[in-house]
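A short worksheet on the structure shown next.
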Amino acid sequence: MLISCCSTRVRRKDVDRGLYGGLQKISSCLSYRFQSSKIIKMVTHDIIVVGASAGGVTALKDFVQSLPKDFMGSVFVVLHIPPYSESRLAWILSNAGPLEAVQPQDGDRIKPGTIYVATNDHHLLVEDNKIMVKKGPKENRFRPSIDALFRSAAYTFGSRVIGIVMSGLLNDGTSGLWAIKQREGIAIIQEPDDAEFAQMPENVLEYVDVDYTVPAREMGSLLDKLMDEPANEKHKISEKDLKRLHNEVTIAIHDNAFEMGIMDMGELTPFTCPECHGALVKLVEGKLLRYRCHTGHAYTASTLLASVTESVEGLLWQGMRGMEETTMLLNNIADHFEEMGKSDSADIFRKKAKATSKRARTIHDSVFTQEQYSEDIRFKREDKSDK
């Protein structure tokens, strides 16, 4: 006998009221269809991963405030913060919305209706029904990394995952959201005009087939609707990409890129890692270029460009320091020869000091004209001075 021909998500309030007969315990990932004496379980979109950077606190507060009180999804949040700064984001989000937000410990079990916030200087990852808090290699110069969280969710939960990219600079999250889409998950971005810093959402639009673009304050109602829809259990990702996804998740957990054969997963490049100066291999995901070194650090082309141009300024300062030290030493030697009554020798060193000082000034001028770049420059409005 068909009791119900439609899929109905069992909510926390329904269990509290004693509905659905003897069903006492439920998993937030399942919708139930009652047919004869059987309960047919249906996978839904109950794993929500969220990434934000600059301007992200405001966006995240709007987001969690929009979630319904009976929301049964498990929400994982990465916000870029300095490694030396203890995050108070869990406290902020708990006070901003109806759900409890916590900083999980490594090995905690995933619970429905809870927001999990990344700890500073640690990746937030998922595996099976557990949470992992690991200090693996930085990705896109950050730990915690949005991409690392998104990839681990995509690999572990497939089409159950909804990925959300919010306000921020550069493009952490783009690669991870691409992986979520490859595993038949859902991609959402904050409406760029709603974000304090639109570059992260705009980068996603360029490389990922986004399903929804909405303001942060409207995401809760959208997620509540999506959780009523069944997840597609078929995955279009290739075996090659699935293997690489597994390896990259493992690298984020265990920091063993070389042992995982990362050098064989892409094309060796002439570039070196700004973090450790190891060799970089090029990885291609759809239209997106990424790089990873044999010790595990990972970059998109945009963050690699930002890192390299930032290091150039540092090297120029070092060069200027070296030239100025050379000038001082040459003058010191000249003074020594002058004291010895050897004026001819002293003049030689003073001339060299003068020439070196002139070259140091050239480097000094270069320091103040050196620019730092990333792919985000294509989003900037053209200055009149550039025309």
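Take the alpha-carbon centre of segment 318-379, take the same for segment 194-249, and report the distance between them in whole Å.
Cα centroid of segment 318-379 versus Cα centroid of segment 194-249: 53 Å apart.
Just to be sure I follow the definition: excluding the sites themselves, where is the longest run in the chain that has none of the GluC sites (Glu not before Pro) in a DSSP loop with at most 12 other Cβ atoms within 10 Å?
Free of exposed loop sites, the longest segment is 87-232.
So for segment 47-226, Kirkwood radius off the Cα pairs, Stokes-Einstein at 20 °C and 1.002 mPa s: how many µm² s⁻¹?
Answer from the Stokes-Einstein relation: 138 µm²/s.
Report Rg(Cα)/(2.2 N^0.38 Å) for segment 179-226, keeping two decimals.
1.14
For segment 113-262, give me the percentage of DSSP beta bridges that are antiparallel, rounded to the nearest 5 percent.
Of those bridges, close to 45 percent are antiparallel.
Using the Cα centre of the chain as origin and beta-carbon charges of +1 (Lys, Arg) and -1 (Asp, Glu), tell me which of Thr269, Ala118, Leu170 is placed farthest towards the positive end of the dipole.
The Cα lying farthest towards the positive end belongs to Ala118.
Work out from phi, with θ = phi - 60° and the Karplus expression 6.51 cos²θ - 1.76 cosθ + 1.60, the ³J(HN,Hα) of each residue of segment 99-115, listed in order in whole Hz, and give x for Gly and Pro.
Each residue of segment 99-115 in turn: 9, 6, 10, 9, 9, x, 9, 4, x, 4, 7, 6, 10, x, x, 10, 9 Hz.
What are the extents of the Cα atoms of segment 304-376 along their three principal axes, listed from largest to smallest and rounded to whole Å?
Result for segment 304-376: principal-axis Cα extents of 61, 14, 11 Å.
I'd like the antiparallel share, as a percent to the nearest 5, of DSSP beta bridges with both residues in the chain.
55 percent
Give me the Debye-computed log₁₀ of I(q)/I(0) at q = 0.10, 0.14, 0.17 Å⁻¹ for segment 182-331, equal point scatterers on Cα only, no solvent, two decimals.
Per q value, in the given order, log10 I(q)/I(0) is -0.55, -0.91, -1.12.
For segment 151-239, compute Rg over Rh where Rg is the Cα radius of gyration and Rh is the Kirkwood radius from the inverse mean 1/r over Cα pairs.
That ratio is 0.97, to two decimals.
I want to verify the translational diffusion coefficient of the chain in µm²/s; compute it with Stokes-Einstein, Rh as the Kirkwood radius over Cα pairs, at 4 °C and 1.567 mPa s.
55 µm²/s
Size of the dipole of the chain about the Cα centre, Lys and Arg at +1 and Asp and Glu at -1 on the beta carbon, nothing else charged, in debye to 20?
Result for the chain is approximately 920 debye, rounded to the nearest 20.
From the phi of every residue in segment 332-349, what ³J(HN,Hα) in whole Hz does the Karplus formula 6.51 cos²θ - 1.76 cosθ + 1.60 yield, where θ is phi - 60° and glycine or proline is x?
3J(HN,Hα) across segment 332-349, in whole Hz: 5, 5, 4, 4, 5, 5, 5, 5, 7, x, 9, 5, 4, 5, 4, 5, 4, 6.
For the residue pair Thr213 and His364, what label-to-label distance in nm results when each label sits 7 Å from Cα along the Cα-to-beta-carbon direction?
With each label point 7 Å from Cα toward Cβ, the separation is 4.9 nm.
Restricting to Cα pairs below 8 Å that are 6+ residues apart, what does the relative contact order work out to for the chain? Please round to a whole percent.
Contact order relative to length: 13 percent.
Read-outs throughout are calculated quantities, based only on the coordinates presented, and are distinct from any laboratory measurement. All of these numbers come straight from a predicted model, not from anything done at the bench. As a convention, Cβ positions derive from the backbone with ideal geometry for all residues, glycine included, and neighbour counts pool all protein chains shown.
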